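Reading through the structure tokens given below for one structure.
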Amino acid sequence: MAKFMKITLLLVIAPATIVDCIEESGIEGRGPILDKVYFLGVEKLSWYAASFYCEKSGWKLVTIESARDQANLMQFLSYYNINDRGYWSAGNRLSNDVDWRWGFESEEMNYTNWQNTDQQCQCVDTSDCVKLVERNLRWKGEDCFAELDFICQKNI
């Protein structure tokens, strides 16, 4: 499993990204809206392992609860030119195979951005976790055991 070592280099960059930290074990930084900090792991993990990794490091898998959150995350990934891969988010329907939630104990999602508008009907039985699709970060149901890159976040 990836190590969470902090070898930090602080940079003052463009106004859109106030302070960024580039770490040996991933990339950490903020988007233009400064209420969240993101961390990208450097190895692909299952949804379960990614969720555990974030939690044990004091973070959580990324949540997108508004169009503002979506735009903030897209700008962060575009800034580093790393929007060309799919990422795990905290989204899942593990509690009952029907209702999509952020994490294990949250309310149902109020904001959605599915790649297909009728996502509830198009997921196969094993697609119980939310992948953020390459380039546009729209959402897609994915098998939770698939190994993908992942994004952790902290609210500040």
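Among the chymotrypsin sites (Phe, Trp or Tyr not before Pro) found in the range 58-107, those both in a DSSP coil and sparsely packed, with 10 or fewer other Cβ atoms within 10 Å of their Cβ, are PHE104.
Does the range 31-82 classify as rounded, prolate or oblate by the C-alpha gyration tensor (a ≥ b ≥ c root eigenvalues; a/c under 1.5 gives rounded; else a/b over b/c gives prolate, otherwise oblate)?
Details: a/c = 2.08, a/b = 1.58, b/c = 1.31.
Prolate, because a/c is 1.5 or more and a/b exceeds b/c.
Shape class for the range 38-113: oblate, because the ratio a/c of the largest to smallest gyration tensor axis (alpha-carbon atoms, square roots of eigenvalues) is 1.5 or more and b/c is at least a/b. GLU105 to TYR48: extension gain in nm, 0.36 nm per residue of separation minus the Cα-Cα distance? Going from the current span to full extension adds 19.0 nm. Would you mind checking the pairs LYS44/LYS140; LYS60/LYS131; LYS56/LYS131 and listing those with alpha carbons more than 19 angstrom apart? Pairs exceeding 19 Å: LYS56/LYS131.
Here, each number is a calculation from the coordinates, and none is a lab measurement. The structure presented is a predicted model; accordingly, all values stated were derived computationally and were not measured. Glycine also receives a Cβ, built like all others from the backbone with ideal geometry; neighbour counts cover every protein chain displayed.
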